[in-house]
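S.K.: Quick one: structure below, then a few questions.
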Amino acid sequence: MLFVDLVTEQPKTKVQLENENKNMSLPSSWTDETLATLGVARVTSTPAPEVGEYQVAIKDGVEKVNGVWVEKWAVKPMFTEYTDDTKGTVSVEMQIAEYEADKLATKREGMVVSMRQCRLALLAEGTLANVDIAIASLPEPDKSAAQVEWEYAATVQRTSPFVASLGMAIGYDDVKMDALFEAAADL
């Protein structure tokens, strides 16, 4: 719980107030009388505001609204340009690109479908028959490993080496492979 010092109008936690008043015997449950003795008021929690793309909402102190102390929020950009000793100037655009790449990698890590879903999605796209041809065209030992994966795996993970090699062999780029896994997840 957050409180506001009525003199300084600075937010304080219960622990901070207890530490500042160690020589005082404070009750476990604070009443309005306890708050008046400490010279503080309760701060009402407020939900974070909606933010746009590449923005964040951060708590920015407290303010009095209609006679009630509430949390104040500020919306700020998620990224700002800075200088790094090894990278030099790191632009906002570079940070956004890295953020999006990390987000995509995390999304792909979570893309796991059953072999049934995978085969049905390939069938729906008319490329199921191409898989056996693609596996047969791989060099050994990749060919045998892919054959075992295709015939015996219970699930297929988007980031597996099997998917990467098979995707290239059947003409799927990353975007098309992502779409295949998304479609398969719905089957």
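S.K.: Run down Leu122, Leu180 and say which single residue is touching a residue at least 24 places away in the same chain (Cβ under 8 Å), open to solvent by less than 30 Å² (accessible area, probe 1.4 Å) and in contact with a Cys (Cβ under 9 Å, 6 or more places away or on another chain).
M.R.: Numbers: Leu122 fails: in contact with a Cys (Cβ under 9 Å, 6 or more places away or on another chain).
Within the list Leu122, Leu180, the selection yields Leu180.
S.K.: Quick one: which of Glu9, Glu71, Glu98 is among the charged types (D, E, K, R), farther than 30 Å from Gln147 by Cβ and open to solvent by less than 80 Å² (accessible area, probe 1.4 Å)? Before you say what the answer is, go through the steps one by one.
M.R.: Working: Glu9 fails: open to solvent by less than 80 Å² (accessible area, probe 1.4 Å); Glu98 fails: open to solvent by less than 80 Å² (accessible area, probe 1.4 Å).
Sole residue among the options that is among the charged types (D, E, K, R), farther than 30 Å from Gln147 by Cβ and open to solvent by less than 80 Å² (accessible area, probe 1.4 Å): Glu71.
S.K.: Restricted to segment 129-175, and to residues that are of a type in the set (Ser, Thr, Tyr) and surrounded by 14 or more Cβ atoms within 10 Å (Cβ to Cβ), which residue is modelled with the lowest pLDDT? Working first, answer last.
M.R.: Kept after step one, since they are of a type in the set (Ser, Thr, Tyr), are these residues of segment 129-175: 137, 144, 152, 155, 159-160, 165, 172.
From what's left, surrounded by 14 or more Cβ atoms within 10 Å (Cβ to Cβ): 160, 165, 172.
Numbers: Ser160: 92, Ser165: 84, Tyr172: 92.
Across segment 129-175, the extreme among qualifying residues is Ser165.
S.K.: Are there any strands (runs of 3 or more DSSP E) wholly within segment 1-62 with 1 or more residues that are at pLDDT 95 or above and among the hydrophobic types (A, V, I, L, M, F, W, C), and if so which? Steps first, please.
M.R.: Details: elements: 2-5, 11-13, 40-42.
Result: 2-5, 40-42.
S.K.: Looking at (1) out of contact with any Lys or Arg (no Cβ under 7 Å at 6 or more places or on another chain); (2) surrounded by 13 or more Cβ atoms within 10 Å (Cβ to Cβ); (3) small (Gly, Ala, Ser), can you tell me which one Gly61 breaks?
M.R.: Going through (1) out of contact with any Lys or Arg (no Cβ under 7 Å at 6 or more places or on another chain); (2) surrounded by 13 or more Cβ atoms within 10 Å (Cβ to Cβ); (3) small (Gly, Ala, Ser) one by one, Gly61 breaks only (1).
S.K.: Considering segment 66-80 alone, what residues qualify as being aliphatic (A, V, I, L, M) and either within 18 Å of Met1 (Cβ to Cβ) or at pLDDT below 95 (or both)?
M.R.: The first filter runs over segment 66-80 and keeps only residues aliphatic (A, V, I, L, M), leaving 68, 70, 74-75, 78.
Across segment 66-80, the qualifying residues are Val68, Val70.
S.K.: Next question. Name the residue, out of Arg116, Arg108, that is surrounded by 16 or more Cβ atoms within 10 Å (Cβ to Cβ) and among the basic types (Lys, Arg). If you could, list the steps in order and put the result at the bottom.
M.R.: Working: Arg116 fails: surrounded by 16 or more Cβ atoms within 10 Å (Cβ to Cβ).
The conditions single out Arg108.
The values are calculated or read from the model by the stated rules, or taken from the named source; none is laboratory data. This one's a predicted model, so the numbers in the text were calculated from it and none came from an experiment. Here the Cβ is made from the backbone with ideal geometry for all residues, glycine too, and neighbour counts use every protein chain on show. Calculation scope for accessible area: heavy atoms of the full protein, side chains included, ligands and nucleic acids excluded. Shrake-Rupley method; radii C 1.70, N 1.55, O 1.52, S 1.80 Å.
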